[in-house]
Amino acid sequence: MATDPGAVPPNWLQVWVEAGRDGQIFTYANPRGLAVAAGDLVQVRLRGRRQSGLVVQVLTAAPADLAPDSIRPIEQLLQSAAVTPQWQALIEQVARNCHTSTFQTLKSALPAAWLGQRRQQPVRAPRPQWQIEGPLADLADQRLTSAQAALLDAVAAAGGTVPLAELCAAGMHSRAVLAGLERRQLVRRAPLAIGPQQLEAPRHLSPDQAKVLAAISAAAPGSSLLLWGVTGSGKTEVYLQAAQQALQQGRSVLLLSPEIGLIPQLLDRARARFGAAVLEYHSGLADGDRVASWRAALASAAPQVVVGTRSAVFLPLRQLGLIVLDEEHDSSYKQDSPMPCYHARDVARLRAAQDGAVLLLGTATPSLETWLACRQGQTALLELPERIGARPLPPVRLVDMRQELAAGHRRLLSRPLLERLQGVKQRGEQAVVLVPRRGYRSFLSCRSCGTAVLCPNCDVALTVHRSNGGQEWLRCHWCDHRQGCADRCGACGSSAFKPFGAGTQRVMEQLAEDLAELRLLRFDRDSTRGRDGHRQLLDRFAAGEADVLVGTQMLAKGMDLPRVTLAAVLAADGLLHRPDLRAGEQSLQLLLQLAGRAGRGALPGEVLVQTYSPEHPVIQHLVSGRYGAFLAEELELRRRGSLVPFARACLLRLAGPAASATATAAAALAARLQPQVDAAGWCLIGPAPAPVARVAGRSRWQLLLHGPAGSPIPLPQEAELRTCLPAGVGLAIDPDPLAL
Ligand code: ADP
Ligand code: ZN
Ligand code: ZN
């Protein structure tokens, strides 16, 4: 009798499925003898629901304690070899470090909905890469705008076909213009055919870059390096060439960036260099696309390059040789919720050690954690102290807003800023303007009693937003509650309100009033919704559709546009005066990043900072541009105060429906922890209400543990902690939290 060579005798599977937070292992039958092994994902039924679970063991006999007909069969094999033993070891380590369960960590590391209850999700093939072909008609009798003509010229100059990524990468052409030409059938897109001859050649490195690259190739497997290079010093070129070296040795590469908004630019550069096979993985992708990237990583025998955000640090790449964390200081590398509250830098360090890869941390403004690791010799230091082509860093000029006021100028935009914006416009250059808040006004408060209009669900003031038609409404930036503008004060009944603080929308409005000739674009979370929102907006700005880009923090990061010659900050003070240990560090990092956007091309740049506190140390360090001096001072302050990174902290966050119940639970938790904390020589601070004590109707409390650097956090397992909390009170354990 012929047998199917793939079939195996019927067997029984121990499957880890989602039941409670930590999952449970149940036995299922495999009656048809599907070839299933430990590490596979299978579909099963649990309590009438379809679930995917992880096979942890294959048994050749049914467990004796179960009646054979009570054992349900599995429904199908979803993914073979989803989890390798080595990858699982990484997950277990992350779970331990983050004080949460392995199941939760597995579930959060795997692509959405791969483990646990199954939503039906179509799995798509990876998105194709396109090339643009044209012109497809005689242009003589076509009416073209200058942008359309320029784009068609570029395609023709490239020989009639050009990869889409390349066409848009330099920022010369916008997707909006392209779409118009496609509609008129003057160009068409076709799947990208890449020949090796079309890939971009590596650039000739500067002597400094070459030295850094040599040090990276010589680095010991498992070691970590800090690449401290000023903005525009050519770090990205070094990443790409280090990646190339890894590929040549048959090893895969992870290129991580903190922000989804920065992914398109990095992806374009990686694809121009390595071809369309470069994978992308981040939360901006649809679930199906993430699964497709994950599967491609699992299936590939050849080394891979992946560009992604923090969650990509878990991608199961074989033969990992290099992990790059660009902008390593960025707080987006830390996950706040859900648990595990991991930091991608820590996971990357574990992976590098496990796989014998090199970890390269790149930034213009190292975090104090990384800097201390350098000082202590755990991380080697590589430097790029100058911009490419010895271009100068842009000078920083301060505008003392108190003097503006004294001179009777009460506008949001100071006179020196208006003057410079006019100059930028006249010279055909571009400017970026950072405003710390989005929306129209920060808040409304009552003229009679001074009470601000608060969110009904949260302890925060509502922000005023404005539609294009000029209609105003109120919105909560914490829970997204929306309401019409209040007509009576909740406290005293007065109907007179006064708006305070300016958001991006208000700044746009004032700019338009003060300098009507400027063309403006807004870049914040409200204007970049949708999958390609960031990219479309930046493409439009790069294509010259506007003179000034007004935006929030995300404006400061990574964009490389040669015509930007002015970077300005309004209300820098809002960044400086936050009650947080890292306020100084983070605001200086942000301001230096922003400064780094100006003068990256051949045109010299300038930075203008409007502030009421020009003597503030952060502002002074910004002006001198010596981040190293700041690092030295700040590190000394932290050392004397035994603060992070000379100490460790762990934050326990509780949230519950009623304030009193949550407070009681927090007190009970503190009592439960106190002996263990004392015994370890740590201290417990709190419980105290969280800085925003109510969010989305839930009351929030917190406990802070503080102890010596390098020592383990004295906490029992998460599951044990939960047993002393009443139902309905949620707990999150955040080791080494970034907000203190
Ligand atoms: P960083 O990542 O340090 O901010 P980039 O890698 O973006 O800097 O480099 C800044 C600019 O210099 C980019 O436009 C880049 O193309 C260019 N560049 C980088 N390295 C070289 C090189 N070796 N030769 C010429 N141009 C370079
Ligand atoms: Zn009032
Ligand atoms: Zn709210």
Note to self: Please pick out the residue among Pro340, Pro366 that is open to solvent by less than 10 Å² (accessible area, probe 1.4 Å) and more than 15 Å from Glu327 (Cα to Cα).
What the structure shows: Pro340
Note to self: I need the full set of residues from the range 99-117 which are aliphatic (A, V, I, L, M) and either part of a strand (DSSP E or B) or out of contact with any Leu (no Cβ under 7 Å at 6 or more places or on another chain) (or both), in order please.
What the structure shows: Ala109, Leu110, Ala112, Ala113
Check: Of everything in the range 448-466 that's open to solvent by 40 Å² or more (accessible area, probe 1.4 Å) and either part of a loop (DSSP other than H, G, I, E, B) or away from ligand 2 (no atom under 16 Å from the Cβ) (or both), which residue is nearest to Gly656 (Cα to Cα)?
Finding: Asn457
Next item on the list: Select from the range 428-484 the residues that are within 16 Å of ligand 3 (Cβ to nearest atom), in contact with a helix residue (DSSP H, G or I) (Cβ under 8 Å, 6 or more places away or on another chain) and more than 30 Å from Arg600 (Cβ to Cβ) and list them in ascending order.
Entry: His465
Notebook entry, point to check: Taking Arg349, is it touching a helix residue (DSSP H, G or I) at 6+ places or on another chain (Cβ under 9 Å) and either closer than 21 Å to Ser101 by Cα or open to solvent by 30 Å² or more (accessible area, probe 1.4 Å) (or both)?
Noted result: no
Item checked: Residues (away from ligand 2 (no atom under 16 Å from the Cβ), of a type in the set (A, V, I, L, M, F, W, C) and part of a strand (DSSP E or B)) located in the range 467-504 -> Trp473, Ala502
Check: What are the residues in the range 54-92 that are under 29 Å from the mean Cα position of the chain (by Cα) and either among the small types (Gly, Ala, Ser) or open to solvent by less than 60 Å² (accessible area, probe 1.4 Å) (or both), if any?
Finding: Leu54, Gln79, Ala81, Ala82, Val83, Trp87, Gln88, Ala89, Leu90, Ile91
Checklist line | Residues of the range 311-338 that turn out to be touching a helix residue (DSSP H, G or I) at 6+ places or on another chain (Cβ under 6 Å) and within 20 Å of Gln88 (Cβ to Cβ), as a count | finding: 7
Check: Could you list, in sequence order, the residues of the range 586-617 that are more than 22 Å from Glu386 (Cα to Cα) and in contact (Cβ under 8 Å) with a residue 24 or more places away in the chain?
Finding: Gln586, Ser587, Val609, Gln610, Thr611, Tyr612, Ser613, Pro614, His616, Pro617
Item checked: Residue count for the range 255-304, restricted to those that are under 26 Å from Leu115 (Cα atoms) and assigned to a helix (DSSP H, G or I) -> 14
Next item on the list: Kindly indicate whether Arg345 is under 20 Å from the mean Cα position of the chain (by Cα), outside any loop (DSSP other than H, G, I, E, B) and farther than 15 Å from Pro111 by Cα.
Entry: yes
Check: How many of the residues making up the range 504-526 are open to solvent by less than 40 Å² (accessible area, probe 1.4 Å) and modelled with pLDDT under 85?
Finding: 2
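The values are calculated or read from the model by the stated rules, or taken from the named source; none is laboratory data. Bear in mind that the values here come from a model prediction, so they are computed numbers and not experimental data. Reconstructed Cβ throughout: ideal geometry from the backbone, glycine too, with neighbour counts over all protein chains shown. All accessible areas refer to the heavy atoms of the entire protein, side chains included, with ligands and DNA or RNA removed. Shrake-Rupley method; radii C 1.70, N 1.55, O 1.52, S 1.80 Å.
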